[in-house]
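See structure below.
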Amino acid sequence: MRSIWNGAISFGLVTIPVKLVNATENHAVSFRQIHIEDSGRIRYRKVCELEDREVGQDEIGKAYEDADGSIIPITDEDLSHLPIPTARTIEIVAFVPADRIDPLQMSSAYYLAAGGTPAAKPYTLLREALKRSDKVAIAKYALRGRERLGMLRVVEDAITLHGLLWPDEVRAPEGIAPDTDVTIRDKELDLADALMDTLGEVDLEDLHDEYREALEEVIAAKAAGETPPESPAPAAGGKVLDLMAALENSVRAARESRGTPTGEAEVRPLRGRAAPKKTPTTEKTPTTRKPTPRAAEDTKKKPTPTKTTAKKTPATPKNTTTGTTKSTAKKPTEKKTPSRKRPA
């Protein structure tokens, strides 16, 4: 790997010569702009808007555009006088726990290679010190004409430099979260937890860019004069009308995709959260049950007060032939307990 920057790590009074190497690479497929009629390349030329002519690189300089639109030229000599002590040095300023770094601040990543044999021992010393302390180093360095903030950590046996945004470059998430009052039930949280458990973990090495692979197949087919393959259309997502149903379907689909038995989604209460209380299904109001032989015997032993029965039992219609009123609730009792006499 080719180095893009040479300098040194300043670790107190210890200086470690290092080379900066890109730790990441971009595999995205790039396109060129063309003229559709004849496939001619579309190119951008640098033209002076005052003279309306193309200018060369040796005629181009830097300038700052003020808020009122005025142009303030800035020369390389002006920039050379700036007090940047980290021009060729990665200056470590502190060691902090890794969880102190907000992932929002992290940007580009570089490997730091030891710059020659003399740098091997101090390089190894810093690496082992970082490992044993379980901390990361915060440093300042200059790259591409500006001072930057960085974080040094150990990846396998190499020291890695992560570029960090300055704290004032990270926006606060104001106005992002919903401003409406939402109530989340324990059952919904339990289902979300079950879905997370079902999806489980994944080996990041198994993940790949399916879009790029399909795009490369299209380009290969076009280059060979063949018809590009058609990718299956993604399944259309329906409207989420019921969050509970959507969660249950998600758990079921995740289990099917992983080859696990389906069926009803298993819901486990969240750790530290009490399971929701279930209402007993066997409790019913005595007046709503139909009398059974067992109930008749219990009634015989412990008769129900007449007042309570009269209040809870609706009035029954009169017999059209005799003009008397019969209680349908006591018919089974009359048949099974003939010793009881009803008033005339």
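Observations on the structure shown:
- Flag set for THR15, criterion: under 24 Å from ALA113 (Cα atoms), touching a residue at least 40 places away in the same chain (Cβ under 8 Å) and surrounded by 11 or more Cβ atoms within 10 Å (Cβ to Cβ).
- Lone qualifier among ALA246, ALA221 - being open to solvent by less than 50 Å² (accessible area, probe 1.4 Å), more than 22 Å from the chain's Cα centre (by Cα) and not charged (D, E, K, R): ALA221
- Any hit, the range 172-182, residues being over 30 Å from LEU247 (Cα atoms), of a type outside the set (S, T, N, Q) and open to solvent by less than 100 Å² (accessible area, probe 1.4 Å): yes
- Selection within the range 183-205 - under 12 Å from LEU243 (Cβ atoms), not in a helix (DSSP H, G or I) and not aliphatic (A, V, I, L, M): THR183, ARG185
- Remark: pairs (first residue in the range 97-110, within 12 Å of ARG148 (Cβ to Cβ); second residue loosely packed, with under 11 Cβ neighbours inside 10 Å; Cβ separation under 9 Å; 6+ apart in sequence or on different chains) = GLN105/TRP166; GLN105/PRO167; SER108/THR24; TYR110/THR24.
- For beta carbons closer than 8 Å, sequence separation of 6+ or different chains, a first residue in the range 32-52 that is touching a residue at least 24 places away in the same chain (Cβ under 8 Å) and aliphatic (A, V, I, L, M) and a second that is assigned to a loop (DSSP other than H, G, I, E, B) and open to solvent by 100 Å² or more (accessible area, probe 1.4 Å), there are no qualifying pairs.
- Members of the range 151-182 found to be β-branched (Val, Ile, Thr), out of contact with any helix residue (DSSP H, G or I) (no Cβ under 9 Å at 6 or more places or on another chain) and in a loop (DSSP other than H, G, I, E, B), listed by number: ILE176, THR180, VAL182
The values are calculated or read from the model by the stated rules, or taken from the named source; none is laboratory data. Everything quoted here is computed from the prediction, not taken from an experiment. Glycine also receives a Cβ, built like all others from the backbone with ideal geometry; neighbour counts cover every protein chain displayed. The accessibility values were calculated without ligands, DNA or RNA, using every heavy atom of the protein model including side chains. Shrake-Rupley method; radii C 1.70, N 1.55, O 1.52, S 1.80 Å.
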